Amino acid sequence: MIRIEKVHKTLGGQPVLRGVNLTVRSGEVLALVGGSGAGKSVLLKHVIGLMLPDEGEVFVAGRPVGRASFAELAELRRRMGYVFQDGALLDSLTIRENLRLAMADEDCARDAYYCPRRIVESLATVNLDDSVLDKHPDEISGGMRKRVGVARAIIHRPDIILYDEPTTGLDPQNVVQVNEVILKARQQLGATSLMVTHDVAALRAVADRVALLADGCVRFQGTPGEFFDSANPSVRSFLGRRAGALAEVA
Amino acid sequence: MRRILEHLGRSSLLAAAVVSALPHPQHWLAGAFEEARRQAYGALPLVLFLTGLGGAVTSQQTGYQFEGVLPYWVIGSVVAASVITELAPLLTGIALVGVVGARIAAELGAMEVTEQVDALEVIGRDPVTYLVVPRVLAGLLAAPVLVALALAASLFAGWGVAVLVTPVTSAEFWFGVRYYMRDFPLFFALIKGAAFGLSITFIASYVGLQARGGSRGVGRATTRAVVAMVSALLVLDTLFAPLLKLVPS
């Protein structure tokens, strides 16, 4: 479904991606892990065409994202949902307007009840009720904003969902809820998911496969079980750093 | 030099994107009117305050300088000439930079650094159509209206001060104003206002969307935008001056 071939990207004179190769199969949840600044979010932005590679190509549903015309890219994006790290809800709009904006005007025009129904349904998917609809993003909690961000990403029933650290900064209860939403999206929509995460626990909970990005390349790919048992030095180093960070917090 | 060329290239691309969004008013019309209302109401108190003071100062200075040299009604002519061709549009522009331009640059800068602009793009909405076009067209609409109100405020303030602090009478002052008054300078002031409104909102939008790197980036972008807007205002003002030669005598 998503094929990343030899992607290179330099930002501010620093090489961030150095020939990344990665494939996300149809219907699977692939978790992309790596240290801070490893280029995980940058790679995700290449998949949806917010960034273009210096070299290499990203294919989504067999179509090259980097060489897509404006109309082709718009069509590809209609098949994708993107969950931003901090929600990225438009703060001048209410939650209702934010969700409405993510739906195609044509669908809403055809059926007067389509918009309100889909808005309530997508909020219910992330365990929120319609009491938040007329609030602005700054009037709800960070966890709720993140869940509304997920609702916005799935409201148009995409085939592919990209998650940029969907659980970072959430309390344990919200982490469980967001993980459930990711699983629901796969079961109910059959969506292919690429999830950037720092959350090691989420790997076991939701991921079918794990890929580790380090030094600008994919250093490991495998199931979560293989990942945790791997003797790969990059994996050991990443897991060691995570364990150290968790011990420090504890 | 390379940076200047980069900015010229990017701003030209933005201008082209704004023009290409114009044939789809269903996406920007409502936003443009709402934004125009916001800009006009937001800037109006400062515009009236600044232009009122501008008219008052011009009136006083003219009275002091010309006392005993020229007939008093000349005060009315000088005040009218100064405020219509120069002070009202320029002071309105400066008020717009502070109230509207800085707000737009900070707003769009904050949207850029918090990925709201990316989010719009991802959900299939063109950020230029939704964010830039309504703001720029609103500037084009609101600024001439504000200039017209500024002209009235500065003339009335000039008249009030002239009558209070110089020996000129109301009849002499308004005779002077009417003696100078022509259609072209009024039209010129409104056109100048529209050009100022357009350039202020466009520069603010462009610089705001270039913001990078969190709240510091937003602060830097807002400062850059204010410097660029004030500079552009004065450059445009200088370029407009020769057009006044077209005034029919």
Calculate the translational D of region B:28-240 in whole µm² s⁻¹ from Stokes-Einstein, where the hydrodynamic radius comes from the Kirkwood formula applied to all Cα pairs, the temperature is 37 °C and the viscosity 0.692 mPa s. 181
Per residue of A:89-96, how many C-beta atoms from partner chains lie within 10 Å of its own C-beta, taken as a mean? 3
Along each of its three principal axes, how wide is the spread of alpha-carbon positions in region A:83-219, in whole angstrom units, largest first? 49, 30, 25
Restricting to Cα pairs under 8 Å and 6 or more apart, the percent relative contact order of chain A works out to 27
Residues whose modelled amide H sits under 5 Å from the amide H of A:ILE161, counting only those 5 or more places away in sequence or on another chain, are A:GLY81, A:THR192, A:SER193, A:LEU194
Distant-in-sequence amide H partners of A:VAL16 (H built 1.01 Å from N, under 5 Å): A:LYS9, A:THR10, A:LEU11
Per-residue mean of C-beta atoms belonging to partner chains within 10 Å, peptide B:219-226: 0
Cross-link reach from B:LYS192 to lysines, straight Cα distance under 17 Å and at least 8 residues apart if same chain, gives B:LYS245
Let's test the formula: R0 of 25 Å, r as the Cβ-Cβ distance of A:SER237 and A:LYS6. What FRET efficiency results, to the nearest 0.05? 0.55
Explain nothing, just the number: relative contact order of chain B, from Cα pairs under 8 Å at least 6 residues apart, as a whole percent. 32
Placing +1 on the Cβ of each Lys and Arg and -1 on the Cβ of each Asp and Glu in chain A, which of A:GLY169, A:VAL29, A:MET80 has its Cα farthest towards the positive end of the resulting dipole? A:VAL29
For region A:232-237, in residue order, the Karplus 3J(HN,Hα) values (coefficients 6.51, -1.76, 1.60; θ = phi - 60°; whole Hz; Gly and Pro = x) are 3, x, 5, 5, 4, 5
Output ³J(HN,Hα) for region B:6-12: one whole-Hz value per residue in order, computed from phi by the Karplus curve 6.51 cos²θ - 1.76 cosθ + 1.60 with θ = phi - 60°, and x for Gly and Pro. 4, 5, 4, x, 5, 5, 5
Counting DSSP beta bridges with both partners in the protein assembly as shown, what percentage is antiparallel, nearest 5? 55
Select from region B:49-125 those GluC sites (Glu not before Pro) which occupy a DSSP coil region and have at most 13 other Cβ atoms within 10 Å, ordered by residue number. B:GLU67
Please say if the protein assembly as shown is rounded, prolate or oblate, where rounded means a/c under 1.5 for a ≥ b ≥ c the square roots of the C-alpha gyration tensor eigenvalues, and otherwise the choice is prolate for a/b larger than b/c and oblate otherwise? prolate
Based on Cβ point charges of +1 for Lys and Arg and -1 for Asp and Glu, what charge dipole magnitude is obtained for region B:28-240 about its Cα centre, in debye rounded to the nearest 20? 140
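I'd like the mean, over residues of B:121-130, of how many other protein chain beta carbons sit within 10 Å of each residue's own Cβ. If you can, show how the numbers build up before the last one.
Details: counts 7, 15, 16, 12, 5, 2, 0, 0, 0, 2.
Mean shielding count: 6.
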Please list, in order along region A:201-216, the HN-Hα scalar couplings obtained from phi with the Karplus expression 6.51 cos²θ - 1.76 cosθ + 1.60 (θ = phi - 60°), rounded to whole Hz, x for Gly and Pro. 5, 5, 4, 5, 6, 10, 7, 7, 9, 10, 10, 10, 9, 8, 6, x
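In terms of the Cα gyration tensor, with a ≥ b ≥ c the square roots of its eigenvalues, is chain A rounded because a/c is under 1.5, prolate because a/b exceeds b/c, or oblate?
In terms of gyration-tensor shape, oblate.
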With r defined as the distance between the Cβ atoms of A:ASP54 and A:SER131 and R0 fixed at 41 Å, what FRET efficiency is calculated, to the nearest 0.05? 0.30
From zero up to wherever the largest Cα-Cα distance of region A:25-152 sits, split into 5 Å bins and tell me the percent of pairs in each. 2, 9, 16, 18, 18, 17, 13, 6, 2, 0
5 Å is the cut-off here: which amide hydrogens, built 1.01 Å from N in the peptide plane, fall below it relative to A:ALA214, excluding neighbours closer than 5 in sequence? A:ARG219
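Sort A:MET51, A:MET144, B:MET1, B:MET181 by Cβ crowding within 10 Å, fewest neighbours at the top.
Listing A:MET51, A:MET144, B:MET1, B:MET181 from fewest to most nearby Cβ atoms yields B:MET1, B:MET181, A:MET144, A:MET51.
Each value in this text was obtained by applying a stated rule to the coordinates, not by laboratory testing. Please read these numbers as outputs of a predicted model, since none were measured by experiment. So basically every Cβ, Gly included, is an ideal-geometry build from the backbone, and we count neighbours across all protein chains shown.
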